[in-house]
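K.L.:
So that we are looking at the same thing, I have put the structure below in structure tokens.
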Amino acid sequence: MDANLTIETAEGRVRGRREGAVRRWRSIPYAAPPVGDLRWRAPAPVTPWRGTRDATYFRYASCQPPWGAGLSPGRVQPVNEDCLTLNVVAPVAASDKPRPVMVFIHGGGYIVGTSALSLYSGVRLVERGDIVFVSMNYRLGPLGYLDVSSFGSPDRPIDSNLGLRDQVAALEWVQRNIAAFGGDPANVTIFGESAGGNAVTSLMVTPAAKGLFHRAIAQSSPAHWAHDLDDSQRWADMFIDLLGATPDTAVQALELATPKELGKAMLALYRRVANDVPGHFPLEPAIDGDFFPKWPVAAFRDGTANRVPLIIGTNRRESSLFSRIPDALPTKPHRIETLFEATDPDIRDRVLAAYPTYPSPKAALAIGTDVTFWHPSIEVAESHSTHAPAYMYRYDFAPRLMRGMGLGATHAMELLPVFGAHETAIGRMTTSLGDRRAMRSVVYQMQGHWLNFARHGAPQDSWPGYEQQTRATLVIDAPPRVENDPHAERRRAWAGFEGHHRRTSAPGEPAIRSS
């Protein structure tokens, strides 16, 4: 056996594969399969194995609609509850010292996604940055992000925040094992996009994750995503009803329902909540007072968040993509008006005044972007900067094709330069009308900042820190520039807005106004 590819982990040997200048290991288990009695439970330790485990291919994605695990046209990764695995990529070349570790958490609204997507391979980051790259699967949908713990009992316990607990378990695996792959367990950077960005900001305020990572990058994080015990109970009750069960038969239904049946009920619940309370979703971390103890933005504000260096930012036109997806974000005037029903009228008037052309489509899209991604990220950067280094960005780069489609620098577009995917099929298609040289420059600058941050805890010198006095923001474009407090009037208008994520009435009922 090739000692360079066969690694002895704390749980057993794994054999990977050499691919050019890197070594890759796929689908290494970091927790026991959450099946049978372990369904609806916190991740349990892996049972050590004898012999050598073949880690040269991807196994299962997390349970989700089949289209969510699509890898390429006509190719879909199989899904299964036995999904708690991670992947490692490391350089072939030897090193005389441990390498920085970057751990990626994929997005997908906590509904879909897989670490097997070729975009997320991490190979180009490893080749350019001389790092060790890790990506993970975690439980999605109701099995990972619906809090049904209220139906548990001493005889049949049910835990909360299962997907978030999975991510902590994966980071614990990194601490136990990454040195065997040449990584430095004392220099771990977590980064993620969209729901994965929310996972990053959520892990920063999760006590059990403290000490498991040392820097964080949150790309397009809906950082306010979380719900309280009242919402958890309300949505759990609705979910059980959609399963065709009652509170008395809930446990049996939760145990016996197939993943397909659970997913069908979840999508029905998602649509109902998204329409009645735009911008609010039933699949979010649950504030349980224990594992996830408090409102995330409040934790950043009072300094109880993990005080590690943070990069956080959003894309200029996040919502242009979601405007084409039904039941998604508040990007249409009627959904925006519903959003504001849960707030004081003065706040509505103040916010809308910052968008003078409202209800034009352009203004509505800007509101959807700002309320979901931009302003929560601003709140996090503003608060965190008083306790630890923070760096804010806005991704503006949009090739001609994306501009011609009316999308611009929309949601997830920054993933292409971060992962160096400009030379892949999707990267070439994106720049098919031109801008390939500009795209290469954006790849070079973004990877440079991300890798420098992972190695040293700060991006390159051209990117100043975010402070409340200047609010310096790196605008990632070709060429890049730094702006102080961009959209200051919007930032001030949204200050104190909490109605969309602190709703205190049930969907379909009159909202209790809150400032």
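The values are calculated or read from the model by the stated rules, or taken from the named source; none is laboratory data. Note that the coordinates shown come from a computational prediction; the quantities given were computed from them, not determined experimentally. Positions of Cβ are backbone-derived with ideal geometry, glycine not excepted, and every protein chain shown enters the neighbour counts.
K.L.:
Give the residues of the range 72-87 that are over 25 Å from Ala425 (Cβ atoms) and either modelled with pLDDT under 95 or surrounded by 21 or more Cβ atoms within 10 Å (Cβ to Cβ) (or both), sorted by residue number. Full working, then the answer.
P.N.:
Restricting attention to the range 72-87, the residues satisfying the condition of being over 25 Å from Ala425 (Cβ atoms) are 80-86.
Correct list: Cys83, Leu84, Thr85, Leu86.
K.L.:
In the range 214-285, which helices (runs of 4 or more DSSP H) lie fully inside it and hold 1 or more residues that are closer than 22 Å to Asn80 by Cα and either acidic (Asp, Glu) or under 22 Å from the mean Cα position of the chain (by Cα) (or both)? Break it down into steps so the answer makes sense when it comes.
P.N.:
Values: elements: 229-242, 250-256, 259-276.
It comes to 250-256, 259-276.
K.L.:
Take Phe133 and tell me if it is among the hydrophobic types (A, V, I, L, M, F, W, C), in contact with a Leu (Cβ under 9 Å, 6 or more places away or on another chain), assigned to a strand (DSSP E or B) and in contact (Cβ under 8 Å) with a residue 24 or more places away in the chain. Working first, answer last.
P.N.:
Numbers: among the hydrophobic types (A, V, I, L, M, F, W, C): yes; in contact with a Leu (Cβ under 9 Å, 6 or more places away or on another chain): yes; assigned to a strand (DSSP E or B): yes; in contact (Cβ under 8 Å) with a residue 24 or more places away in the chain: yes.
So Phe133 fits the description; yes.
K.L.:
Between residues in the range 174-203 that are assigned to a helix (DSSP H, G or I) and residues that are of a type in the set (S, T, N, Q) and surrounded by 24 or more Cβ atoms within 10 Å (Cβ to Cβ), which pairs lie under 7 Å by C-beta distance while being six or more apart or on different chains?
P.N.:
Sorted first by the residue in the range 174-203, then by its partner, the pairs are Gly197/Gln219; Gly197/Ser220; Gly197/Ser221; Asn198/Ser221; Ala199/Gln167; Val200/Ser221; Thr201/Ser221; Leu203/Gln167.
K.L.:
Report, by residue number, each residue of the range 12-32 that is outside any strand (DSSP E or B) and crowded, with 19+ Cβ neighbours inside 10 Å. Break it down stepwise before answering.
P.N.:
First, the residues of the range 12-32 that are outside any strand (DSSP E or B): 12, 16, 20-21, 30-32.
Result: Gly16, Tyr30, Ala31.
K.L.:
Still on this structure, I have one more. For Asp147, state whether it is of a type in the set (D, E, K, R), part of a loop (DSSP other than H, G, I, E, B) and free of Cβ contacts under 8 Å to residues at least 24 places away in the same chain. If you could, list the steps in order and put the result at the bottom.
P.N.:
Working: of a type in the set (D, E, K, R): yes; part of a loop (DSSP other than H, G, I, E, B): yes; free of Cβ contacts under 8 Å to residues at least 24 places away in the same chain: no.
Taking the combined requirement at face value, the residue does not satisfy it.
K.L.:
Further question on the same structure: In the range 365-406, how many are more than 24 Å from the chain's Cα centre (by Cα), among the hydrophobic types (A, V, I, L, M, F, W, C) and either in the same structural domain as Ala299 (by TED's automatic domain parsing) or assigned to a helix (DSSP H, G or I) (or both)?
P.N.:
Selection size over the range 365-406: 1.
K.L.:
Still on this structure, please answer the following. Go through the range 90-133 and report how many residues are β-branched (Val, Ile, Thr) and surrounded by fewer than 23 Cβ atoms within 10 Å (Cβ to Cβ).
P.N.:
4
K.L.:
Continuing with the same structure: For the range 351-362, name all the residues that are surrounded by 17 or more Cβ atoms within 10 Å (Cβ to Cβ) and part of a helix (DSSP H, G or I).
P.N.:
Once the filter is applied, which keeps residues that are surrounded by 17 or more Cβ atoms within 10 Å (Cβ to Cβ) and part of a helix (DSSP H, G or I), the range 351-362 yields Val351, Leu352.
K.L.:
Moving to a separate point now. Would you check which residues across the range 61-71 are touching a residue at least 40 places away in the same chain (Cβ under 8 Å) and either basic (Lys, Arg) or surrounded by 10 or more Cβ atoms within 10 Å (Cβ to Cβ) (or both) and list them?
P.N.:
Ala61, Ser62, Cys63, Gln64, Pro65, Gly68, Ala69, Leu71
K.L.:
Just the residues that are assigned to a strand (DSSP E or B) and either basic (Lys, Arg) or out of contact with any Asp or Glu (no Cβ under 7 Å at 6 or more places or on another chain) (or both), please, taken from the range 454-500.
P.N.:
Ala472, Leu474, Arg481, Val482, Glu483, Asn484
K.L.:
In the range 189-223, which residues are within 20 Å of Asn315 (Cα to Cα) and among the hydrophobic types (A, V, I, L, M, F, W, C)?
P.N.:
Ile190, Phe191, Ala195, Ala199, Val200, Ala216, Ile217, Ala218, Ala223
K.L.:
Quick check: is even one residue across the range 33-51 assigned to a strand (DSSP E or B) and aliphatic (A, V, I, L, M)?
P.N.:
Looking only at the range 33-51, we keep the residues that are assigned to a strand (DSSP E or B), and these are none.
Within the range 33-51, none of the residues are assigned to a strand (DSSP E or B) and aliphatic (A, V, I, L, M).
K.L.:
With the requirement that a residue be under 18 Å from Ile217 (Cα atoms), buried (at least 17 other Cβ atoms within 10 Å of the Cβ) and not β-branched (Val, Ile, Thr), what does the range 302-340 give you?
P.N.:
Ala305, Asn306, Pro309, Leu310, Gly313, Asn315, Arg316, Glu318
K.L.:
Might you check whether a residue that is surrounded by fewer than 16 Cβ atoms within 10 Å (Cβ to Cβ), out of contact with any Leu (no Cβ under 9 Å at 6 or more places or on another chain) and hydrophobic (A, V, I, L, M, F, W, C) occurs anywhere in the range 398-410?
P.N.:
The answer is yes, given that some residue of the range 398-410 is surrounded by fewer than 16 Cβ atoms within 10 Å (Cβ to Cβ), out of contact with any Leu (no Cβ under 9 Å at 6 or more places or on another chain) and hydrophobic (A, V, I, L, M, F, W, C).
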